[in-house]
Amino acid sequence: MSASTATRDAARTGADGRPCQPPAFPSFRADHVGSLLRPAALREARQARAEGKLSAEALRQVEDEQIARVVAKQESVGLRAATDGEYRRAYWHYDFLGGLDGIEIYEPEDKVQFKGATLGHKLRVNGRIGWKPSMIEDFRFTAGCTCNAIAKQTIPSPSVVHFRGGREAIARDVYPDMDGFFDDLGRTYEEAVKAFHAAGCRYLQLDEVNIAYLCDPEQIEGLKRRGEHVEGLLDIYAGMINRATRARPAGMAMSMHLCRGNFQSTFVASGGYEPVAEVLFNAIDIDAYFMEFDDERSGGFEPLRFVPRGKKVVVLGIVTSKNGVLESKDELKRRIDEAAKFLPLEQLAISPQCGFASTQEGNKLSEEQQWAKLRLCAELAEEIWGR
């Protein structure tokens, strides 16, 4: 944190009148993936905008008001990292990617199939991929709302651009070979990291679902059926991520979230992390991994044995965001003890396994249940690791 930033924060006060004291670097001990259930006022405003009854400026004002409230709420339940809840987005991934050069979001005849739900949009590459400022001003607003938490920005991982549609979704006249595509995509993310840092971001998260999908034999077969080259794909994804993470200056933290799909409490993939663990933990340069461990679909904690000692943090997603049943502290402590058999306790943390609203529809639980789960994470982290 620069001297000017520290001076600005010291001049600000929270709701209790005390000076703001945001952390300079995330602790990860109690955190959350990023998205939060949309409040009624925001849902109504977005619907009014879609019907042409509300201007873009008026919608943004509602978003600003709701983001300021939700940042304060995150701090009030004890979190030391806060997001904008992804309140300006309809989707966790498409809103950011659609803002880049060369990528188009469209509604196809064949939808993305979850286990029990259908997602309506896809993306395709119809031009050279390049960085175009996307969500930079959104981050600045969120950062300006924080007091005792560090502002965290979430963006989809570069692999999302490839995995969703593969070769057939990438214009051959633009990218006759895939090497040029992956190179442009990696460079674009390198520029994105630098741009967020220049905007003051010190905590950036890549939402990386597709490496987790590579743990599922059914997903692998699906890639093969559509003609994708599966061999070496994990290394390609790791290379693009590393190109992005190497661009972060000292003092900027980057995390990676892995899950197997999250849409209205449904999922896409299953399978433990064993097939990808060695590359995931030893070939990817990242500070923390948010990992889904809320049910048997994610497998056991054994793959954590591959995590380098003393360097990286694994944030255990052992609190589910898919339903409102509140986990017991005793059960969560037991599971943390179980994970600590494979990775020292000082390298562990806790969070929900995924966002609460990866799309604007949200998962099937109430806002009260959402906040109870986040408060639980904060309380448990303090009991185990202290403040």
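Would you pick out the residues in segment 27-45 that are under 23 Å from residue 358 (Cβ atoms), crowded, with 16+ Cβ neighbours inside 10 Å, within 24 Å of the chain's Cα centre (by Cα) and at pLDDT 95 or above?
Matches in segment 27-45: 30, 31, 32, 33, 34, 35, 36, 37, 38, 39, 42.
Note down all Cβ pairs under 9 Å where the first residue falls in segment 44-69 and is without any contact (Cβ under 8 Å) to a residue 24 or more places away in the chain, the second is of a type outside the set (Lys, Arg) and open to solvent by 60 Å² or more (accessible area, probe 1.4 Å), and they're at least six residues apart or on different chains.
That search, which allows pairs on different chains as well, returns 45/61; 53/47; 54/47; 62/44.
Just one of 208, 228 is over 16 Å from residue 155 (Cα atoms), among the acidic types (Asp, Glu) and touching a residue at least 24 places away in the same chain (Cβ under 8 Å); which is it?
Being over 16 Å from residue 155 (Cα atoms), among the acidic types (Asp, Glu) and touching a residue at least 24 places away in the same chain (Cβ under 8 Å) holds for just one of 208, 228, which is 228.
So residue 59 clears everything in (1) crowded, with 19+ Cβ neighbours inside 10 Å; (2) out of contact with any Cys (no Cβ under 7 Å at 6 or more places or on another chain); (3) modelled with pLDDT of 95 or more; (4) not charged (D, E, K, R) except one condition, right? Which one?
(1)
On the basis of being in a loop (DSSP other than H, G, I, E, B) and either farther than 23 Å from residue 225 by Cα or open to solvent by 20 Å² or more (accessible area, probe 1.4 Å) (or both), does residue 172 make the cut? Give the steps one after another, and end with the answer.
Values: in a loop (DSSP other than H, G, I, E, B): yes; either farther than 23 Å from residue 225 by Cα or open to solvent by 20 Å² or more (accessible area, probe 1.4 Å) (or both): yes.
Yes: the conditions hold for residue 172.
Test residue 296 against the stated conditions and say whether it is open to solvent by 10 Å² or more (accessible area, probe 1.4 Å) and modelled with pLDDT of 95 or more. Reasoning before the result, please.
Values: open to solvent by 10 Å² or more (accessible area, probe 1.4 Å): yes; modelled with pLDDT of 95 or more: no.
No.
Across segment 240-266, which residue is modelled with the highest pLDDT among those that are under 30 Å from residue 364 (Cα atoms) and over 16 Å from the mean Cα position of the chain (by Cα)? Can you show your working first?
Filtering segment 240-266 down to residues under 30 Å from residue 364 (Cα atoms) leaves 254-266.
Subset that is over 16 Å from the mean Cα position of the chain (by Cα): 264-266.
Details: 264: 65, 265: 67, 266: 75.
Here the residue is 266.
For segment 334-354, what are the residues that are under 20 Å from residue 79 (Cα atoms) and surrounded by 14 or more Cβ atoms within 10 Å (Cβ to Cβ)?
Listed by number, the residues that qualify are 336, 347, 348, 349, 350, 351, 352, 353, 354.
Does residue 127 qualify as being assigned to a strand (DSSP E or B) and either at pLDDT 95 or above or of a type in the set (D, E, K, R) (or both)?
yes
List pairs: first residue in segment 354-367 and β-branched (Val, Ile, Thr), second residue buried (at least 24 other Cβ atoms within 10 Å of the Cβ) anywhere in the structure, Cβ distance under 9 angstrom, at least six positions apart or on different chains.
359/35; 359/92; 359/262
The values are calculated or read from the model by the stated rules, or taken from the named source; none is laboratory data. Remember, predicted model here, so these are calculated numbers, not experimental data. Quick reminder, even Gly has a Cβ in these numbers, built from the backbone with ideal geometry, and neighbours come from all protein chains shown. Accessible surface is based on the protein model in full, side chains and every heavy atom, while ligands, DNA and RNA are left aside. Shrake-Rupley method; radii C 1.70, N 1.55, O 1.52, S 1.80 Å.
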